[in-house]
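A.B. asks: Quick one: the structure is below, questions incoming.
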Amino acid sequence: MTHKTIQVTPSRCIGCLNCELACASRDWGQYFPAGSKINLVFFKDGGQVPVTCFQCDEAPCLKVCQTGALARNELTGVIASDPDRCVGCRTCVSVCPFGNINYSKAGRRVEKCDQCQGQPRCAAACPSGALTFVDDAKLVQARRRAYAESLKSVASTEGPK
Amino acid sequence: MSQAITKVTGTIDGRGFSVPIGTTLLEAAKSLGLTIPTLCHHPGLPADGNCRLCLVETGGKLVASCLFPLRTDGEAILTQSPMVLEARAFTVRLLLSRAPEDPRLLELAREYGTGPDPRLADGADGCLRCGLCVRACRASGTEAIALVGRGRERKVTGPFFEPPIDCVGCLACARVCPTGFIDFSELPRSIWGRDFDLRPCPQCGRPVGTPEELRRAGVENPLCPSCRRLSYSRSLMGLPEASFSNPGER
Ligand code: SF4
Ligand code: SF4
Ligand code: FES
């Protein structure tokens, strides 16, 4: 099975928050920002970018979790969280370098993107093609580098206002 | 054949199961859609067999299903036999005398037709001595608390019955406690009679965690998760570090 990835094209994002809404609604039946596993970062100097888990190859969160609450599906490469196994120590939250895992006090569990088990609602809800779910033959590391490059080129060609 | 080597078969309440060798009886029952009541079982923590609520009958004996690994074929397990029901009622009675107001135990008491034992009323502090908190603490990388003492004297405590010096204030123990016995506060942070500092995010000032829990995670002075997202997004976009606005704080 090919790994798939949620590809972000920042220049296409219109900041509508539909992705956050779709994500939070899945588990909570309603929208509130902390319930979403994809987050829009708004820049004060203009523009925004949706960010979510990179499903890192060397995932720090996965390394620290001792309860099996975080586990990688070897077929898809996706790291999902099992709320029943989570004891809420929040070590994973502390170690994620990208701030892409959050702990929900209300839900007593960590909030982490699992790509909706193969049907990411955020990508489906994105009206502008800023989020697309695409095949990813490359390694995650290479994927992240490419993503960084795409962001840089966007920044230089279009630039923030 | 590999099937015969790796699987074990038997029945639970007359229904056949075939599960990998070593599967606990509790998991096997769950796979058949049967519920066995549990209190001290947590899927993320090693089983301890402490509360005895999950007792079932096999071969004329009672075993704790959360602990019992299925290894031999042909086990005929009963989860509702008279022996099981009687033992469970007794267990609920004992547990209830520890936590007489716990809604879940009261519900179980109704179900099994029992109530608290008035002779044991003096140990009724709300703690079941189930040890889930101790196991959660250990799994999180700390051994701050332990179950100490015997019989009615047994309790969860730090060393020398003092507030636990090794506690990092992560609150995992309180989150798994089935009765809510452990007093804690998230903001300001306190638990087990100790007050903790909260390290502020160097960028936005919101509290990130106690210095002790951050050190345990191997990070000294991190940004809060939302400033981490901002920071790497800005650098990826080639923007200078700057303050930001997010719709709704995260
Ligand atoms: S908070 Fe939950 S998922 Fe994260 S490391 Fe602790 S047990 Fe694992
Ligand atoms: S404090 Fe809670 S988790 Fe710990 S032994 Fe008592 S009831 Fe169990
Ligand atoms: S759940 Fe098995 S002994 Fe407590």
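The values are calculated or read from the model by the stated rules, or taken from the named source; none is laboratory data. Keep in mind it's a predicted model, so treat the numbers as computed, not measured. All Cβ positions, even for glycine, are placed from backbone atoms using ideal geometry, and neighbour counts span all protein chains on display. Surface areas here come from the heavy atoms of the whole protein model, side chains and all, with no ligands, DNA or RNA. Shrake-Rupley method; radii C 1.70, N 1.55, O 1.52, S 1.80 Å.
A.B. asks: Within the group B:Arg150, B:Arg138, B:Arg175, B:Arg154, which residue is in contact with a helix residue (DSSP H, G or I) (Cβ under 8 Å, 6 or more places away or on another chain), farther than 17 Å from B:Pro211 by Cβ and either surrounded by 23 or more Cβ atoms within 10 Å (Cβ to Cβ) or of a type in the set (Lys, Arg) (or both)?
C.D. replies: B:Arg175
A.B. asks: Check whether at least one residue in segment B:22-29 is away from ligand 1 (no atom under 16 Å from the Cβ), among the polar types (S, T, N, Q) and touching a Leu at 6+ places or on another chain (Cβ under 9 Å), and report yes or no.
C.D. replies: yes
A.B. asks: Let me ask something additional. Which of the residues that make up segment A:44-77 are in a loop (DSSP other than H, G, I, E, B) and free of Cβ contacts under 8 Å to residues at least 40 places away in the same chain?
C.D. replies: A:Lys44, A:Glu58, A:Ala59, A:Cys65, A:Gln66, A:Thr67, A:Gly68, A:Asn73, A:Glu74
A.B. asks: Taking segment A:95-110 as the region of interest, how many residues are more than 9 Å from every other protein chain (Cβ to nearest Cβ) and modelled with pLDDT of 95 or more?
C.D. replies: The number of residues fulfilling the criteria is 0.
A.B. asks: Further question: Considering only residues that are assigned to a loop (DSSP other than H, G, I, E, B) and crowded, with 20+ Cβ neighbours inside 10 Å, which ones fall in segment A:14-43?
C.D. replies: A:Leu17, A:Ser36, A:Lys37
A.B. asks: Let me ask you something else. Of these, A:Cys113, A:Cys122, A:Cys92, which one is in a loop (DSSP other than H, G, I, E, B), modelled with pLDDT of 95 or more and surrounded by 19 or more Cβ atoms within 10 Å (Cβ to Cβ)?
C.D. replies: So the residue among A:Cys113, A:Cys122, A:Cys92 that is in a loop (DSSP other than H, G, I, E, B), modelled with pLDDT of 95 or more and surrounded by 19 or more Cβ atoms within 10 Å (Cβ to Cβ) is A:Cys113.
A.B. asks: Could you say whether any residue in segment B:101-112 is away from ligand 1 (no atom under 16 Å from the Cβ), more than 27 Å from B:Pro211 (Cβ to Cβ) and among the aromatic types (Phe, Trp, Tyr)?
C.D. replies: For segment B:101-112, residues away from ligand 1 (no atom under 16 Å from the Cβ), more than 27 Å from B:Pro211 (Cβ to Cβ) and among the aromatic types (Phe, Trp, Tyr): present.
A.B. asks: In segment B:225-237, what residues are open to solvent by 10 Å² or more (accessible area, probe 1.4 Å) and either within 14 Å of B:Gly205 (Cα to Cα) or facing another protein chain (nearest Cβ under 7 Å) (or both)?
C.D. replies: B:Pro225, B:Arg228, B:Tyr232, B:Leu236, B:Met237
A.B. asks: Just checking, which of A:Pro60, A:Pro83, A:Pro33 is over 26 Å from B:Val176 (Cβ atoms) and at the interface with another protein chain (Cβ under 10 Å from one of its Cβ atoms)?
C.D. replies: A:Pro33
A.B. asks: Return the residue satisfying two criteria in turn: it lies in segment B:175-188 and is more than 17 Å from the chain's Cα centre (by Cα) and more than 16 Å from ligand 1 (Cβ to nearest atom), and of such residues it is farthest from the other protein chains (Cβ to nearest Cβ).
C.D. replies: B:Pro188
A.B. asks: Of the residues that make up segment B:181-188, is at least one open to solvent by less than 30 Å² (accessible area, probe 1.4 Å) and among the small types (Gly, Ala, Ser)?
C.D. replies: no
A.B. asks: Please tell me if B:Ala89 is away from ligand 1 (no atom under 16 Å from the Cβ), within 14 Å of chain A (Cβ to nearest Cβ) and either open to solvent by less than 50 Å² (accessible area, probe 1.4 Å) or assigned to a strand (DSSP E or B) (or both).
C.D. replies: In short, no.
A.B. asks: Touching a Ser or Thr at 6+ places or on another chain (Cβ under 9 Å), basic (Lys, Arg) and not assigned by TED's automatic domain parsing to the domain that holds A:Cys126 - does that describe any residue in segment A:61-68?
C.D. replies: no
A.B. asks: Filter segment A:65-89 for residues that are open to solvent by 30 Å² or more (accessible area, probe 1.4 Å), in contact with a Cys (Cβ under 6 Å, 6 or more places away or on another chain) and of a type in the set (A, V, I, L, M) and give the result.
C.D. replies: Selection gives nothing.
A.B. asks: Here is a list: B:Leu62, B:Leu39, B:Leu45. Which entry is within 16 Å of ligand 1 (Cβ to nearest atom) and within 26 Å of B:Leu108 (Cβ to Cβ)?
C.D. replies: Only one candidate passes the filter, namely B:Leu45.
To keep it simple, each residue is scored yes or no on (1) open to solvent by less than 40 Å² (accessible area, probe 1.4 Å); (2) more than 16 Å from ligand 3 (Cβ to nearest atom); (3) within 14 Å of chain A (Cβ to nearest Cβ).
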position: B:Thr11; (1), (2), (3): no, yes, no
position: B:Thr24; (1), (2), (3): yes, no, no
position: B:Gly33; (1), (2), (3): no, yes, no
position: B:Pro37; (1), (2), (3): yes, no, no
position: B:Leu55; (1), (2), (3): yes, no, no
position: B:Gly60; (1), (2), (3): no, yes, no
position: B:Leu67; (1), (2), (3): no, no, no
position: B:Gln80; (1), (2), (3): no, yes, no
